[in-house]
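Read through the structure below, which is laid out as structure tokens, and then see the notes.
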Amino acid sequence: MKFTAILFDLDGTLTDPQKGITRSIRYALRKLGTPLPETDDLRWCIGPPLRDSLKMLLGDRASDFTDQALAFYRERYGRIGKFENAVYDQIPGILSRLNAGKTALYVATSKPTVYAVEILNHFGLAPSFRKIYGSALDGALSDKQELIRHILHAEGIEKESVVMVGDRSHDIVGARGNQIASIGVTYGYGTRAELVHAGANWLADSPTDLSNIIRIAGEGIGNEMEPV
């Protein structure tokens, strides 16, 4: 069956958010007097629910300071960090072609919806999507499996006609938990091994690969594109 709907992760899939996220995490840790990892050592924090990442960074202090760390993070991210971001090359063109083909596009991100909407509006990508789905500020729907389930129900999407596109294991596991297909993109922040282990149906090493996989796999064209 042709893909009639596609769910896109945001961070590491549509945009490269490294500067804004890692700088805001370091800002929060600095405010708490916690040792600061180097920016590159925080790449693993991009994608998973932020609260979980902060708990790991805080270690023994997590039970007392996770909420405060999250507040400090948002203090900077809400003003500056959300726009320290860049759209991956070719993504606007891919979205335009998919829209021209009448494919229903949605954003499915663990990031709070309020930030996702602001980012996509800032970069001119919001009009490409029928709806932008994210988490609530209190953490509701930050789990990708729950979020995908919510989207499928809210939009009345048939599982056989939709694919999830994302760069981290959470995206792939969330898709599998809802019995839908998934494409793991390796140009983001998850490794190829991570995405294969999570069970991605296809891997895309570039936006061009992603476009080709959506076209070929979505049309169900024989064995021209072998799954992982």
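The values are calculated or read from the model by the stated rules, or taken from the named source; none is laboratory data. Note that the coordinates shown come from a computational prediction; the quantities given were computed from them, not determined experimentally. Ideal geometry is used to build each Cβ from the backbone, glycine not excepted, and the neighbour counts take in all protein chains shown. Heads up: the accessible areas ignore ligands, DNA and RNA and are worked out on the full protein's heavy atoms, side chains in. Shrake-Rupley method; radii C 1.70, N 1.55, O 1.52, S 1.80 Å.
Say we look at the range 54-80 and pick out the residues that are of a type in the set (Lys, Arg) and assigned to a helix (DSSP H, G or I); which of these is nearest to Ser24 (Cα to Cα)?
Filtering the range 54-80 for residues that are of a type in the set (Lys, Arg) and assigned to a helix (DSSP H, G or I), the one nearest to Ser24 (Cα to Cα) comes out as Arg76.
Looking only at the range 99-134, how many residues end up being under 17 Å from Asp11 (Cβ atoms) and in a helix (DSSP H, G or I)?
Within the range 99-134, residues that are under 17 Å from Asp11 (Cβ atoms) and in a helix (DSSP H, G or I) number 12.
Give me the strands (runs of 3 or more DSSP E) completely within the range 158-219, filtered to those with at least 3 residues that are in contact (Cβ under 8 Å) with a residue 12 or more places away in the chain and open to solvent by 40 Å² or more (accessible area, probe 1.4 Å), ordered by residue number.
Working: elements: 162-166, 181-185, 202-204.
Filter on the range 158-219 gives an empty set.
Is there a residue being modelled with pLDDT under 95, under 28 Å from Ala175 (Cα atoms) and of a type in the set (Asp, Glu) anywhere in the range 55-64?
No, the conditions are met nowhere in the range 55-64.
From Asp40, Asp67, Asp89, grab the single residue that is open to solvent by 70 Å² or more (accessible area, probe 1.4 Å) and closer than 15 Å to Thr22 by Cα.
From the options Asp40, Asp67, Asp89, the qualifying one is Asp40.
In this structure, is Leu7 out of contact with any Pro (no Cβ under 9 Å at 6 or more places or on another chain), aliphatic (A, V, I, L, M) and either part of a loop (DSSP other than H, G, I, E, B) or at pLDDT below 95 (or both)?
No, not satisfied.
Which one of these is in contact (Cβ under 8 Å) with a residue 12 or more places away in the chain, open to solvent by 70 Å² or more (accessible area, probe 1.4 Å) and among the charged types (D, E, K, R): Arg23, Arg30? It would help to see each step written out before you state the result.
Working: Arg30 fails: in contact (Cβ under 8 Å) with a residue 12 or more places away in the chain.
Answer to the selection: Arg23.
Which of the numbered conditions does Asp138 fail, given that it passes all the others? Conditions: (1) modelled with pLDDT of 95 or more; (2) acidic (Asp, Glu); (3) outside any helix (DSSP H, G or I).
(1)
Only one of (1) under 16 Å from the mean Cα position of the chain (by Cα); (2) under 15 Å from Leu14 (Cβ atoms) is not met by Ser96, so which one is it?
With (1) under 16 Å from the mean Cα position of the chain (by Cα); (2) under 15 Å from Leu14 (Cβ atoms) applied to Ser96, the lone miss is (1).
How many residues are more than 16 Å from Ala126 (Cα to Cα) and touching a helix residue (DSSP H, G or I) at 6+ places or on another chain (Cβ under 6 Å) when one looks only at the range 6-20?
Residues flagged as more than 16 Å from Ala126 (Cα to Cα) and touching a helix residue (DSSP H, G or I) at 6+ places or on another chain (Cβ under 6 Å) within the range 6-20 amount to 1.
Suppose the filter is in contact with a Ser or Thr (Cβ under 9 Å, 6 or more places away or on another chain), aliphatic (A, V, I, L, M), open to solvent by 30 Å² or more (accessible area, probe 1.4 Å) and free of Cβ contacts under 8 Å to residues at least 40 places away in the same chain; does Leu141 pass it?
yes
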